[in-house]
Amino acid sequence: MKTRKLVLAMFLLVGLSIIYTGCKKEEDHNPQQESQEKEVNAAKDDAIADKLFSDLTDITDEAMRSQNKSYKDFVLDTIFMGPCVIVTIDTLSFPFTITIDFGPINCLCNDGKWRRGKINVEHSGPYWAVGTVITTTLDNYFVNEHQVLGTKIATNQGLNSSGNPTWTIHVDGQVIKPNGGTIIWVGDRMREWSEGHNTPFIWWDDTYMITGSHNVVASNGTTLSATITQGLELSLNCYWIKSGVIELQHSELPLIVLDYGPGTCDDDATVTINGTTYPIKL
């Protein structure tokens, strides 16, 4: 009799354990939470790629300024480069070329980022001339172990109605993350030099406003179409995008709103999904 009671008790305990485990799995598996985490990570990937491709223009513009400086002055007055960088400029005839060589091993740059590899630039005409096309390609180029691949094409569109220089920008690129994930980023932008163009050889007063749209396939496979709804503010005296809003839309997922903030120079941003806001670091 005691044995039969013991066996029944054991079956009861096993049954309760199975029920508890099943409930626990249901609690742990939250599809909505998983979807939101996936979207937040996709927005982070977009912000990473956006900044890497944006920096390319700033770096090549900085290299152009080295023509009128001694090497020592150039190294001291740079944002993105440093003493390990070799800039070679061939301006004998158009198209003229610029090679920015960070070397084969990681080089600590003035913005605190590690870079290696080369950035190659070709100008079809004078920098300030309407219609000049600036084509940027990359040769084994890495930033903080993110490999950046692809092509960036900037076309001078002249002055806008505010009297500011503008360029259309087309990027067709990829970023291979240190963990092996790949971000595919393709976009068309308008870049407006909104402040500081009257002092072209003084970098710390330069500000650019970026508008336009792009498509991104994040490293987790999420595909998003993005539109800048509030222009992105880039100041060369800040290593981060200071302000602006991008809306990212997936055909089957909720809208993502990526907000870079009110204009403070920091690496903080927010991602809002379904009314819930998540702080992120860029």
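Where the only charges are on Cβ atoms (+1 Lys, Arg; -1 Asp, Glu), what is the dipole of segment 81-187 about its Cα centre, to the nearest 20 debye?
200
With charges set only on the Cβ (+1 for Lys and Arg, -1 for Asp and Glu), what does the dipole of segment 34-281 come to about its Cα centre, in debye to the nearest 20?
So the magnitude is around 480 debye.
Ranking V148, V257 by Cβ neighbours within 10 Å, fewest first, what do you get?
Final ranking by Cβ density, sparse to dense: V257, V148.
Taking other Cβ within 10 Å of each residue's Cβ, how do Y127, Y239, Y208, Y278 sort, fewest first?
Y127, Y278, Y239, Y208
Toward the positive end of the charge dipole of segment 34-281, about the Cα centre and with charges on Cβ (Lys, Arg +1; Asp, Glu -1), which of F94, T229, N160 goes farthest?
Of the options given, the answer is F94.
Evaluate the relative contact order of segment 34-281 (contact order divided by residue number), counting alpha-carbon pairs under 8 angstrom at least 6 apart; express in whole percent.
That works out to 12 percent.
Past 21 Å, Cα to Cα, is the threshold; run K152/K177; K177/K281; K44/K177; K242/K281; K38/K281; K38/K118 against it and keep the listed order.
In this structure, K38/K118 lie more than 21 Å apart at Cα.
Based on the Cβ-Cβ distance from T270 to S93, what FRET efficiency comes out when R0 is 30 Å, to the nearest 0.05?
0.05
If you rank L234, L159 by fewest surrounding Cβ atoms within 10 Å, what's the result?
Ascending number of Cβ neighbours within 10 Å: L159, L234.
Coordinate-derived values only; no laboratory data. On a predicted model such as this, the values are computed, not experimentally measured, just so you know. Heads up, the Cβs are rebuilt from the backbone with ideal geometry, glycines too, and the neighbour counts pull from every protein chain shown.
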